[in-house]
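Okay, so here's the structure we're looking at.
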Amino acid sequence: YDGWRIIPAHLEMSFLPTLPARIFFFAHAPNQGVGGETPLVDFRQVYRDLVDEHPELVDEFKQHRIQYIRKYYDNTQGPCYDYFIHKDWQPMFNTTNATLAGERAMQSGFDWSFDHAEETTLGTTSYKGTMKLVHTLPPTRIHPHTQDEIWSNHMNVLHVDSIPAEFAYSAQHLRSWKYVCLYYGFELLVLFQKHVFHGGKASEMGHHVTHQDGSEMNSEYVNTIKQTVWKNTIAYKHQKGDVALLDNYRVAHGRQPYKGARSILTAWH
C-alpha cells in the first residue's frame, strides 16, 4: 500500500477459519519522521472490555455472526481503480481459469460468483470479470493455548465505514489537517459509491461485512468496537534492526501512514 494509506489493526487472516499462530516484523529500513508506526492491539482485552461494557453488542454479534463479502478484480481487464477492491483473483488462486478459481474458493469454504457468466456451446458455463467471495464466521475464537476467548474477526478492516473512521483516528494521532480532509473525502466516497453505483447497498461494494442474514450491523455498535480497539492500541515505532514477534491469535497489528522510504519485512507461520 502507498504510504498515505492506513491499514487498520487486525489479526492476520482472521477472516479465515484458521489463522497463523505467529507473525514477525523486521525493521529493515523504518521511515524517518512522524507516522509509520505499527499499532499493536490486545484483542483479548478488546473482547473483555466489550463484554464488561457492552454485553448486548457481544450477544448480538455471537447470535448473528459476521458475513464477509470481498471482491477481486480480473487483471486481464486492465487495472482496477476501485479503492475498495485491492487484489486480483488470478494470483490469489494461482490460476487464470475462473472456474478453477471458483473450485479452489469453494474448497476454502467460500461461496463464489463472477459478474459475467455465459453458457458455452458445450453446455458449460464460462466465467470472467470481478470475483465475489462470501462466507460467515463467528466474531470470536478460543486461543488454542491459553483457552481465552478473543475478539477475532476482520470487521475492523472490511466494514466500509472503517476506512473513513481510520483517517479520523490518524488525523488525531498525527495532528494532521491532511487526514481530517481525507476523513471527510472518504466519507463522501463511501456514500457516493454506495448510492450512485450500488443502489444504496454497501454489500455490493468492493468489501464489506454484514450479519449472516445479510442485515447491516448496528452503526453504533460498529463505532463502539472501533473505539474499543483504539482504546487498547499502542503505537509501536520501529527502530532499525528491531524484530517484533507477535501472538497472532491475540495481538493485532496495522500501519499508520508515513512519508518517505520505509521497509518493514513481515513473515508468519
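The values are calculated or read from the model by the stated rules, or taken from the named source; none is laboratory data. Because the structure is a prediction, the values reported are computed rather than measured. Methodologically, a virtual Cβ is constructed for each residue, glycine included, from the backbone with ideal geometry; neighbour enumeration extends over all protein chains shown. Note: accessible area is taken over every heavy atom of the protein model, side chains too, but ligands, DNA and RNA are not part of it. Shrake-Rupley method; radii C 1.70, N 1.55, O 1.52, S 1.80 Å.
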- Where labels lie 7 Å past Cα in the beta-carbon direction, separation of Glu187 and His116 in nm: 3.8 nm
- Item | With DNA, RNA and ligands ignored, accessible area of Val46 (1.4 Å probe; Å², nearest 10) | 0 Å²
- Task: Within 10 Å, count the other beta carbons around each residue, average over each peptide in 80-93, 246-259, 211-224, and list them highest first.
- Result: 246-259, 80-93, 211-224
- Stokes-Einstein D for the range 1-145 at 37 °C, 0.692 mPa s, Kirkwood Rh over Cα pairs, in µm²/s? 176 µm²/s
- How much area per residue is accessible in the range 3-112 when the probe is 1.4 Å and only protein heavy atoms are counted (Å²)? 48 Å²
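Might you tell me the accessible area per residue for the range 190-269, computed with a 1.4 Å probe and given in Å²?
On the way: 4180 Å² over 80 residues.
It amounts to 52 Å² per residue over the range 190-269.
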- Once you have the Cα-Cα distance between His198 and His143, take 0.36 nm times their residue separation minus that, and quote the gain in nm to one decimal. 16.0 nm
- Query: Whole-Hz Karplus ³J(HN,Hα) for the range 23-38, in order, using 6.51 cos²θ - 1.76 cosθ + 1.60 and θ = phi - 60°, x for Gly and Pro?
  - Reply: 9, 10, 10, 10, 7, 5, 8, x, 5, 9, x, 6, x, x, 5, 9
- Message: Is there a quick way to get the dipole size of the range 9-158? I mean about its Cα centre, with the Cβ of Lys and Arg at +1 and of Asp and Glu at -1; what is the value in debye to the nearest 20?
- Response: 420 debye
- Query: What number, in percent, do you get for the relative contact order of the range 73-227 if the mean sequence gap of Cα pairs under 8 Å and at least 6 apart is divided by its residue count?
  - Reply: 15 percent
- Gain in span if fully extended, His269 to Gln32, counting 0.36 nm per residue against the direct Cα distance: 82.4 nm
- Item | Computed over the chain: relative contact order in percent, which uses C-alpha pairs under 8 Å that are six or more apart | 46 percent
- Query: Over the alpha carbons of the range 100-201, what is the largest minus smallest coordinate on each principal axis, giving the biggest first in Å?
  - Reply: 61, 46, 20
- Note on the structure: So for R0 = 41 Å, FRET eff. of Trp4-Thr125 from the Cβ-Cβ r, to 0.05, ends up at 0.50
- Task: Take each of the peptides 103-111, 64-72, average the number of other beta-carbon atoms within 10 Å over its residues, and list them starting from the highest.
- Result: 64-72, 103-111
- Query: Top to bottom by accessible area (1.4 Å), largest first, where do Trp4, Trp268 land?
  - Reply: Trp268, Trp4
- Message: Can you compute the charge dipole magnitude of the chain about its Cα centre, using +1 on each Lys and Arg Cβ and -1 on each Asp and Glu Cβ, nothing else charged? Give it in debye, rounded to the nearest 20.
- Response: 940 debye
- Per the Cauchy relation, a quarter of the hull surface: what is the mean projected area of the convex hull of the alpha carbons in the chain, in nm²? 15.6 nm²
- Item | Convex hull volume of the range 195-269 per residue (C-alpha atoms, cubic angstrom) | 188 Å³
- How compact and how long is the range 113-269, expressed as Rg and Dmax of its alpha-carbon atoms in Å? 19.5, 61
- Task: Treating only the Cβ atoms of Lys and Arg (+1) and Asp and Glu (-1) as charged, compute the dipole magnitude of the range 137-234 about its Cα centre; round to the nearest 20 debye.
- Result: 340 debye
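Return the ratio Rg/(2.2 N^0.38 Å) for the range 155-247, where Rg is computed over Cα atoms only.
Its radius of gyration relative to the 2.2 N^0.38 Å reference: 1.28.
Pairs to check: Lys178/Lys231; Lys71/Lys226; Lys132/Lys237. Give those whose C-alpha atoms are more than 27 Å from each other in this structure.
Long pairs (Cα-Cα over 27 Å): Lys132/Lys237.
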- Take the solvent-accessible surface of the protein heavy atoms, probe 1.4 Å, and return the percent of it on the chain that carbon and sulfur atoms account for. 53 percent
- Query: Per Stokes-Einstein, at 20 °C and 1.002 mPa s, what whole-number D in µm² s⁻¹ belongs to the range 1-78, with the Kirkwood radius over Cα pairs as the hydrodynamic radius?
  - Reply: 129 µm²/s
